[in-house]
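Contents: one structure, followed by commentary.
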Amino acid sequence: MGAQISVCTKLLAIKLGLKWIKLTETTNMVTINGQRSPTLGIVENVQLKIMDVLVTINLYISLS
């Protein structure tokens, strides 16, 4: 089993130069410490390289 969605914090997304599309509805994600964090947007078709394999994912941007 894998993660249902992939998430990146706003601060990291800015440092990586990612541009996201604002979502029409804000959803809350539960972070690893159990707190809720709003979803700011989505970066579609991000190419993530794992070893020698390129994987295309959608990356949700959260506030924290």
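Things to note:
- Candidate set: region 48-64, residues that are closer than 14 Å to Cys8 by Cβ and not β-branched (Val, Ile, Thr); chosen: the one modelled with the lowest pLDDT: Ser64
- Pick from region 1-57, criterion in contact with a helix residue (DSSP H, G or I) (Cβ under 9 Å, 6 or more places away or on another chain) and not in a strand (DSSP E or B), ranking: least open to solvent (accessible area, probe 1.4 Å): Leu18
- Region 14-36 residues that are within 16 Å of Val46 (Cβ to Cβ), paired with ones that are outside any loop (DSSP other than H, G, I, E, B) and open to solvent by 100 Å² or more (accessible area, probe 1.4 Å) (beta carbon under 9 Å, 6 or more apart): Trp20/Glu44; Ile21/Glu44
The values are calculated or read from the model by the stated rules, or taken from the named source; none is laboratory data. The structure presented is a predicted model; accordingly, all values stated were derived computationally and were not measured. Note: ideal-geometry Cβ built from the backbone for every residue, glycine included; neighbour counts use all protein chains shown. Areas reflect the complete protein model, heavy atoms only, side chains present, ligands, DNA and RNA absent. Shrake-Rupley method; radii C 1.70, N 1.55, O 1.52, S 1.80 Å.
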